[in-house]
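Worksheet for the structure shown next.
No lab work stands behind these numbers, since they all come straight from the coordinates. Keep in mind that what you see is a predicted model, and the values were worked out from it rather than measured. FYI the Cβ positions are ideal-geometry reconstructions off the backbone, even for glycines, and counts take in every protein chain you see.
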Amino acid sequence: IITLDRFTRSPMRGHTSLLVGRMDGLFDFYDNQLEQITSISPNAIHISKQQPSRLAMASDSGILLIEFKNGTWQTVGVLESGQSTIPLALTETSNGRLIAAFSNGTIVTFAADQWLAETLNIDDVPISVQTNARRLGPDSRPFFARKSDRVYLFLDGAPMLWDSRSESFSVDTNLSTQLSGDKARWISAASSSDSLWMQTDTGALIYQPAG
């Protein structure tokens, strides 16, 4: 099954193209043509909202950075995360932080000038590494949802919310109460309101954040 975090839209071709992750790599689909960007298979892909020419790709080989330059996608390098496990999900905060969730539940955050730089500084280290007590089950994977300035992380279906002051995630008690022990398996933040639409183990939930 190819999950939605392996698809994203790019405006870099003069019109919107579709970036598609497959087992045999990452591809740019535009004008009915499929062009391979890399042969590395992505676990998740994310295009910067601040700098749409920059793409971050989570893979079994680490977090790969790719830049659209001179009419083509070019590899910039691999972000040094300091982790021995696999990145599975990516998102971006309103101030350009890149956040990666790893297979063991660890959350790594990079500053905007680290992952958006023209060339990578090999001495750079993440600005924060958060090790969470919750471990992911064998059939579970982390996923993010961003709504306005809120960034949500779901670890094994349990909701966490990004705190920009501490630059870390903590359990979202309001959403956790509404889930009542149920686990979210899919979420959409695409509605025009502030609501989050969730598919859970037992059905569906529409969540309206307070404030």
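Taking 0.36 nm per residue of sequence separation and removing the Cα-Cα distance, the Ile86/Asn70 pair yields an extension gain of 2.7 nm. Extending 7 Å from Cα along the Cβ direction at Glu35 and again at Gln178 yields two label points whose distance is 4.2 nm.
Of the peptides 95-104, 20-29, how do they stack up when ordered by the mean number of other Cβ atoms within 10 Å, highest first?
95-104, 20-29
Simple spin-label estimate for Ser61 and Asn104 gives 2.3 nm between the two label positions (7 Å along the Cα-to-Cβ direction from each Cα). Available extension along the chain between Gln208 and Leu18 is 65.4 nm, counting 0.36 nm per residue and deducting the alpha carbon span.
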